[in-house]
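Shown next, in structure tokens, is the structure this report addresses.
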Amino acid sequence: MTQTRNDALQELLAKVEAGSADWDADFMGEHESIMVLSAWRGSLDEALGLHNAVLPGWWYSLDWKMASVTDTQDGPWFNAFTENNPARAWLMAILKALISEITQ
């Protein structure tokens with residue numbers, strides 16, 4: 001993974017957090033970018049599919065306002081919150097975890 005991928009993930013995360021639909025996730029690959037869009041729109045099935053595709057074996061926790069992901073049960077946990085879209089929160093938590101993997 002390169003700095004360019006990190007920049008793209010950071011930009012995508014910022015736009016998803018802002019609720020903007022004006023973003024491009026093609027750098028993730030066609031299948032993953034479709035899952036990103038579907039999760040952004042609210043599909044929990046697609047958020048789970050993305051989670052399994054890009055963070056295989058990671059733990060997750062989800063409720064109606066918050067999503068968290070971690071590579072071990074003891075953390076660190078990457079958390080995200082939304083008012084009414086748990087799939088989008090899960091997407092944001094996934095993006096935070098991917099960014100963390102790059103910057104380690």
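The values are calculated or read from the model by the stated rules, or taken from the named source; none is laboratory data. Keep in mind it's a predicted model, so treat the numbers as computed, not measured. Heads up, the Cβs are rebuilt from the backbone with ideal geometry, glycines too, and the neighbour counts pull from every protein chain shown.
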Item checked: Cβ pairs under 7 Å, 6+ apart, first in region 15-42 and farther than 17 Å from LYS96 by Cα, second among the acidic types (Asp, Glu) -> SER38/GLU46
Check: Could you say whether any residue in region 94-102 is of a type in the set (D, E, K, R), surrounded by fewer than 19 Cβ atoms within 10 Å (Cβ to Cβ) and out of contact with any Phe, Trp or Tyr (no Cβ under 8 Å at 6 or more places or on another chain)?
Finding: yes
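Condition check ((1) under 19 Å from LEU9 (Cβ atoms); (2) modelled with pLDDT under 95; (3) among the aromatic types (Phe, Trp, Tyr)) across all residues:
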{"site": "ALA25", "(1), (2), (3)": "yes, yes, no"}
{"site": "HIS31", "(1), (2), (3)": "yes, yes, no"}
{"site": "LEU44", "(1), (2), (3)": "no, no, no"}
{"site": "SER68", "(1), (2), (3)": "yes, no, no"}
{"site": "GLU83", "(1), (2), (3)": "no, yes, no"}
{"site": "ALA93", "(1), (2), (3)": "yes, no, no"}
Next item on the list: Might you let me know whether region 72-84 holds any residue that is crowded, with 16+ Cβ neighbours inside 10 Å, touching a residue at least 24 places away in the same chain (Cβ under 8 Å) and not hydrophobic (A, V, I, L, M, F, W, C)?
Entry: no
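Taking the criterion of being touching a strand residue (DSSP E or B) at 6+ places or on another chain (Cβ under 7 Å) and not acidic (Asp, Glu), would at least one residue in region 12-31 satisfy it?
Within region 12-31, not a single residue is touching a strand residue (DSSP E or B) at 6+ places or on another chain (Cβ under 7 Å) and not acidic (Asp, Glu).
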